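For reference, the structure is listed below as structure tokens.
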């Protein structure tokens, strides 16, 4: 039976971690993820978990410790944000190429510079091609639920890849919301024990982790890793189906809102989706056929499924809460446009970069985006494909 509670996103993640009781938690603090290891340290002090809690000297070291623990056959976790995730950069790629299913909680926060501690997706999007699976949450319930599913996805024998559980810094990480927690025994049964197939401490199988990949082997290893990311798509859906059967809450690659007959639509991620839905409700009451797609899974990118969901639209705005500095749009736009490129009949697509460094996103702002889409759908000029919204003009 679910337990009604009020928790922040950080405490929801720490609670999920406690219920799973990983073998190793290697920690280094950074705002706004610091509360996660703080809560967990209390669980350790109170004897509520059996985890080896390691305090290290940097984020690079925390992920390195997790990498060593996973290679030895342990279930390992950590948490970070912003520059801490950037500092892990080298080890992110090593962990993914070594096929170690570490679960990393990321309270997404703007990258320097200038220095800013508020929310956008600069940090996680900068690591989008590291080989980590990436799940994103709109609210605290989704943060908790994504974490409960994370280990089963990452550790699946067809996948064996590390995974980021991403929440919105401060907006989700620190805000307290009503949430349904599951009983400890039910969580343990759902997640299960970790039984790695290959690990360093298996005396019956000599093994090297992270060897030098000469030209005759490197590409094959990368192709196998790429195939594992493809395999993750079906595993994500299978785990979500079992999660719904067990706990009653439904998840997929993305959530469609009023998309059944939508002519104009917005593709968005995280906590901003609620604002977009409020705008859609207003527009629907005025007879405008607007809809929203809230993306949950960014890696592996569900391109084919997203293209199918947008097939009936005339105009689409992709909302990027990070700046890709490509001079032609942000990362979510690039993925979405690429997914739609071979459709026989595809919508006209624009990219809007918004919310950088915690800049507000309002219902009025969302309506402004939809007003522009209305004009495009009616046959008007497309205008600039790549624009910014919410900044002060000179």
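What follows draws every value from the coordinates through simple rules; no lab data is involved. Keep in mind that this is a model prediction, so the values were computed, not measured. As a convention, Cβ positions derive from the backbone with ideal geometry for all residues, glycine included, and neighbour counts pool all protein chains shown.
Quote the Stokes-Einstein diffusion coefficient, in whole µm² s⁻¹, for the range 3-247, based on the Kirkwood radius over alpha carbon pairs, a temperature of 20 °C and a viscosity of 1.002 mPa s.
Diffusion coefficient, whole number: 119 µm²/s.
Alpha carbon centre of the range 266-341 versus the range 41-72: separation in Å?
The range 266-341 and the range 41-72 have Cα centres separated by 37 Å.
Cβ neighbours within 10 Å, averaged per peptide: list 18-29, 226-237 in order, most packed at the top.
Per-residue Cβ counts within 10 Å, averaged per peptide and sorted highest first, yield 18-29, 226-237.
Show log10 I(q)/I(0) for the range 196-317 at q = 0.09, 0.19 Å⁻¹, two decimals, from a solvent-free Debye sum over equal Cα scatterers.
Log10 of I(q)/I(0), two decimals: -0.43, -1.07.
For every helix of n ≥ 4 consecutive DSSP H residues, a contribution of -39,500 (n - 2.57) applies; sum these over the chain, divide by its total residues, and give [θ] at 222 nm rounded to the nearest 500 deg cm²/dmol.
My calculation for the chain gives -12500 deg cm²/dmol from helical runs alone.
If we restrict to alpha carbons, what Rg and Dmax does the range 101-196 come to, in Å?
In Å, with Rg to one decimal and Dmax whole: 14.6, 46.
Choose one answer from 169, 113, 291: the residue with the largest mean-square fluctuation in a GNM of the chain with alpha-carbon springs under 10 Å.
Largest GNM mean-square fluctuation: 113.
Over the chain, what is the percentage of antiparallel beta bridges among all DSSP beta bridges, to the nearest 5?
Around 25 percent of the beta bridges assigned by DSSP in the chain are antiparallel ones.
What ratio of Cα Rg to 2.2 N^0.38 Å holds for the range 1-55?
1.12
So what is log10(I(q)/I(0)) for the range 141-199 at q = 0.16, 0.18, 0.26 1/Å, when the Debye sum runs over its Cα atoms only?
Here the Debye-derived log intensity ratios amount to -0.63, -0.75, -1.12.
Can you tell me the 0 to 90 degree angle between the C-alpha axis of helix 215-247 and the longest principal axis of the chain, rounded to 10?
With rounding to tens, the tilt is 80 degrees.
On C-alpha positions alone, give me the angle between the axis of helix 35-45 and the longest principal axis of the chain, in degrees, nearest 10.
Once rounded, the angle reads 30 degrees.
No solvent, one uniform scatterer per C-alpha: report log10 I(q)/I(0) for the range 254-388 via the Debye equation at q = 0.16, 0.18, 0.22 1/Å, two decimals.
-0.74, -0.96, -1.54
Among 101-108, 280-287, 179-186, 152-159, what's the highest-first ranking by average C-beta atoms within 10 angstrom per residue?
The packing order, highest mean first, is 101-108, 152-159, 179-186, 280-287.
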